[in-house]
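Visitor: Take a look at this one; I'll ask things after.
Any read-out appearing in this document is the output of simple, stated calculations on the displayed coordinates, not a laboratory observation. Because the structure is predicted, anything quoted here is derived from the model rather than measured. Note that each Cβ is placed from the backbone with ideal geometry, even for glycine, and that neighbours are counted across all protein chains shown.
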Amino acid sequence: MAEMTPREIVAELDKHIIGQSEAKRSVAIALRNRWRRSQIEEPLKSEIMPKNILMIGPTGVGKTEIARRLARLVNAPFVKVEATKFTEVGYVGRDVESIIRDLAEVANKQVRDQAMEEVHDKASEKAEERILDILVRPARTGNDSGESHTESASRQLFRKKLREGQLDDQEIEIEMASSLPGVEIMGPPGMEDMSNQLQSLFKNLGGGRKQLRRMPIREAFRHICDEESMKLIDEEEIKAKALQNVEQNGIVFIDEVDKLTRTSSRSDGPDVSREGVQRDLLPLVEGSAVTTKYGIVNTDHILFIASGAFHFSKPSDLIPELQGRFPTRVELKALETGDFVRILTEPEASLTEQYTAMMATEGLELEFNRDGVLRIAEIAFQVNEKTENIGARRLHTVMEKLLENISFSAPDQRGEHVTVDRAYVDQYLSELAGDEDLSRYIL
């Protein structure tokens with residue numbers, strides 16, 4: 001994955017996102033630059049900073065999805081935040097450093113899951129032996145060979161049944177680490193880190209205590225396997241890898257950054273709830289050290305992707321220092337009818353494919369022909385033009401309304417075949433789409 005070329009990255013993104021080739025090229029280059037930087041020796045390597053990206057475009061055109069798919073592509077720590085949720089230091093609200101703390105949490109979970117996956121086979125073997133010890137008493141030393149042989153044969157028989165799933169529903173008692181009831185601590189805004197530390201303190205008060213719990217073998221195997229996995233992994237190594245992963249591969253997506261600007265409609269004085277947040281974001285984007293419960297995270301090489309519609313403002317309304325930290329500017333285009341047709345049919349796990357698969361679970365065969373798909377796209381585009389333009393998200397609303405009757409009656413139509421064509425779409429949606437007042441509330 002690290003050696004993917006920009007062309008290959010764009011090809012992967014094309015499987016899930018329609019159009020917006022310019023934005024895809026920009027993020028592909030940014031990702032490839034990370035690999036290029038990793039091939040360079042120090043001290044030059046430390047001087048190469050990521051080229052942060054500012055995406056400009058209306059809602060629902062794929063800004064968030066591009067960043068999310070990019071992070072999944074390389075299995076990088078990724079967080080998406082709303083710029084409007086943060087306030088300047090000293091005011092009530094979340095401080096911007098919590099972004100990096102959240103990113104560290106994501107990275108730690110990723111590394112932990114990967115480590116547990118690596119030891120899963122060993123943990124499964126230990127879990128199997130523990131369950132067999134409960135089902136069949138282990139052979140005692142000093143017994144005659146005949147008794148040992150019989151007991152060993154019994155153990156092998158139960159092992160075979162356990163692996164074949166014949167004992168999954170049988171209940172057994174297992175010894176598990178007990179935990180105190182969860183304590184919910186409502187900390188003041190901006191003090192989430194302190195609340196998490198207090199919760200961890202209370203959670204660990206019952207450490208070392210054991211309790212017997214009765215449950216089916218299927219569930220017991222999963223619990224014991226998790227417990228054995230935790231014994232096999234190194235917590236300190238996980239923390240170290242997580243911090244390195246955050247610093248070298250972390251991606252932060254800041255949405256609605258245009259809401260942080262001052263427009264002509266506001267006063268000329270300083271706006272602490274907007275410009276103050278920009279100034280607080282600046283050290284993170286420039287590079288600073290943020291303390292997390294896993295250690296200190298240096299943000300120098302974290303990739304920041306900001307986005308905004310900029311309907312009532314422009315990128316130059318951001319403070320000059322922050323503008324300069326987003327050198328790559330990409331404008332995403334509004335979606336048209338042709339784009340909606342492609343979104344409905346081309347991506348992996350497209351909307352039409354999802355609805356067809358869901359109805360198939362009821363024994364109903366649902367088919368979308370080309371005329372029907374085109375009409376759905378036309379109505380979605382028409383409603384976006386007449387009301388608020390929410391981009392591709394409009395398709396979800398239109399499809400839900402269109403297939404409401406089928407979804408309700410599908411259990412009673414087992415074995416039937418339904419074709420969604422132009423006439424079918426017009427029957428259920430043309431009147432709603434033509435009435436602007438109804439469209440505002442229903443579609």
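Visitor: Please give the peptides 65-74, 10-19 ranked by average Cβ packing (other Cβ atoms within 10 Å per residue), highest first, as a rough proxy for protection.
Guide: Answer by packing, highest mean first, reads 65-74, 10-19.
Visitor: Still on this structure: What aspartates and glutamates could a cross-link reach from residue 51, if we take a straight Cα to Cα line under 12 Å and drop same-chain neighbours fewer than 8 places away?
Guide: 286, 300
Visitor: Ranking request for peptides 39-45, 3-9, 57-63: highest mean number of other beta-carbon atoms within 10 Å first, then the rest in descending order.
Guide: On the way: 39-45: 8.7, 3-9: 14.1, 57-63: 22.7.
In descending order of packing, they fall as 57-63, 3-9, 39-45.
Visitor: All other residues with a Cβ under 15 Å from the Cβ of residue 47 taken together, and with Lys, Arg as +1 and Asp, Glu as -1, what is their net charge?
Guide: Working: positive: 34, 36, 37, 45, 51; negative: 41, 42, 286, 300.
After counting each charged neighbour, the total is +1.
Visitor: Considering only 429, 356, 345, whose Cα is most displaced toward the positive end of the charge dipole of segment 296-443, charges sitting on Cβ of Lys, Arg (+1) and Asp, Glu (-1)?
Guide: 345
Visitor: Only Cα pairs under 8 Å and at least 6 apart count here; give the relative contact order of segment 337-429 as a rounded whole percent.
Guide: 40
Visitor: Can you list the HN-Hα couplings for segment 46-62, worked out from phi with the Karplus curve (6.51, -1.76, 1.60; θ = phi - 60°), rounded to whole Hz and with x for Gly and Pro?
Guide: For segment 46-62, the Karplus curve yields 5, 7, 8, 9, x, 8, 4, 10, 10, 9, 10, x, x, 5, x, 9, x Hz.
Visitor: Okay, next question. In terms of Cα to Cα distance under 16 Å, which aspartates and glutamates are near enough to residue 386, apart from those fewer than 8 places away along the same chain?
Guide: 336, 378, 431, 435, 436, 437
Visitor: Non-local amide H neighbours of residue 364 (under 5 Å, H modeled in plane, Pro and chain starts lacking H): which ones?
Guide: Correct list: 415.
Visitor: Around residue 299, under 10 Å between beta carbons, what's the net of Lys plus Arg minus Asp minus Glu among the other residues?
Guide: -4
Visitor: Now a separate question. Cα to Cα, under 24 Å, and not fewer than 8 places away if on the same chain: which lysines meet these conditions relative to residue 293?
Guide: 80, 85, 109, 203, 231, 239, 241
Visitor: What net charge is computed for the residues neighbouring residue 17, neighbours being all others with C-beta under 11 Å from the C-beta of residue 17, Lys and Arg scored +1, Asp and Glu -1?
Guide: The answer is 0.
Visitor: Another one. At residue 33 and residue 298, where each label point lies 7 Å from the Cα along Cα→Cβ, what is the point-to-point distance in nanometres?
Guide: 1.9
Visitor: Quick one: what are the phi-derived ³J(HN,Hα) couplings along segment 424-429, Karplus 6.51/-1.76/1.60 with θ = phi - 60°, whole Hz, x for glycine and proline?
Guide: 4, 5, 5, 4, 9, 10
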